[in-house]
Structure formats: C-alpha cells, structure tokens
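Reading through the structure tokens given below for one structure.
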Amino acid sequence: QVQLVESGGGLVQAGGSLRLSCAASGGTYSRYAMGWFRQAPGKEREFVARISKSGGSTFYADSVKGRFTISRDNGKNTVYLHMNSLKPEDTAVYYCAAKSRDYDQQYPYWGQGTQVTVSS
C-alpha cells in the first residue's frame with residue numbers, strides 16, 4: 001500500500017554532484033523511517049544512508065560519509081539524498097526504502113530504483 005518513486009538519477013563526471021528524490025504515498029502511517037540503498041553491477045545491494053521518522057537521526061555507510069547527505073521534507077513526504085564528490089565506484093542503481101518504525105529491522109517497502117552513473 002506504500003508507493004515509493006525515486007527520481008534524479010543520471011550521468012555525471014567524477015567530482016560532480018547529484019540529488020536523488022524519493023516521493024512516498026499511500027500507507028496508514030503519517031511518516032516512515034526511510035533509507036537509501038544501492039546495487040552496482042555484479043555486486044550485492046548495500047546500505048547507503050538512513051533517516052529516522054522525525055528526521056532527527058541519520059546514519060551513513062563509511063563509504064559515503066562526508067560526501068552524501070540524507071534529508072527529508074515531511075510536509076512533502078519526500079526524502080532526498082544529496083551526493084557530492086561523486087566517484088566512479090558510486091555508480092549503481094539507487095533504491096529508497098521505508099519502514100513503519102525506526103526500530104524495525106527490515107524495510108518492507110521499496111522503490112523501483114534510479115540509475116546513477118559516474119564517469120572517470
């Protein structure tokens with residue numbers, strides 16, 4: 001019942017920036033804890049960043065800490081991933097995900113993904 005739609009992916013040069021958006025709709029909760037994941041060709045899906053329902057708590061994978069910023073606009077029911085200083089190894093399909101409670105272990109709701117390609 002929860003629909004997530006990512007947008008903002010594209011092709012950028014190394015060192016460039018990109019902002020991904022994820023719009024949420026449906027469901028019975030007013031807000032969801034949300035996260036960003038990515039999957040590169042031939043590799044397993046990996047965690048990138050997460051943000052609490054209130055937006056007051058964030059956490060990042062070591063590989064992106066200091067370069068990526070997750071944020072949310074609860075008025076628009078949208079979560080963002082600001083990506084700076086992009087590297088070729090950041091190339092992947094990026095997915096947003098949502099869960100009902102901050103302490104839930106799994107993310108049951110997923111978007112369709114958006115491609116990010118970083119050229120060297």
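The values are calculated or read from the model by the stated rules, or taken from the named source; none is laboratory data. Source: prediction; values computed, not measured. Reconstructed Cβ throughout: ideal geometry from the backbone, glycine too, with neighbour counts over all protein chains shown. Only protein heavy atoms, including side chains, enter the accessible area calculation; ligands, DNA and RNA are left aside. Shrake-Rupley method; radii C 1.70, N 1.55, O 1.52, S 1.80 Å.
Details
- Residue in the range 2-18 that is open to solvent by 70 Å² or more (accessible area, probe 1.4 Å), at pLDDT below 95 and of a type outside the set (S, T, N, Q) present: no
- If only residues of the range 47-65 that are farther than 14 Å from Tyr94 by Cβ and basic (Lys, Arg) are counted, the one that is most open to solvent (accessible area, probe 1.4 Å) is Lys65.
Results for (1) in contact with a Phe, Trp or Tyr (Cβ under 8 Å, 6 or more places away or on another chain); (2) not hydrophobic (A, V, I, L, M, F, W, C), shown as yes or no for each residue.
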{"site": "Leu20", "(1), (2)": "yes, no"}
{"site": "Ser30", "(1), (2)": "no, yes"}
{"site": "Phe37", "(1), (2)": "yes, no"}
{"site": "Ala40", "(1), (2)": "no, no"}
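- Taking strands (runs of 3 or more DSSP E) as the structural unit, those lying wholly within the range 1-119 and holding at least 1 residues that are within 12 Å of the chain's Cα centre (by Cα) and free of Cβ contacts under 8 Å to residues at least 40 places away in the same chain correspond to 46-51, 58-60, 68-73.
- Within the range 66-91, considering residues that are open to solvent by 60 Å² or more (accessible area, probe 1.4 Å) and among the basic types (Lys, Arg), the one modelled with the lowest pLDDT: Lys76
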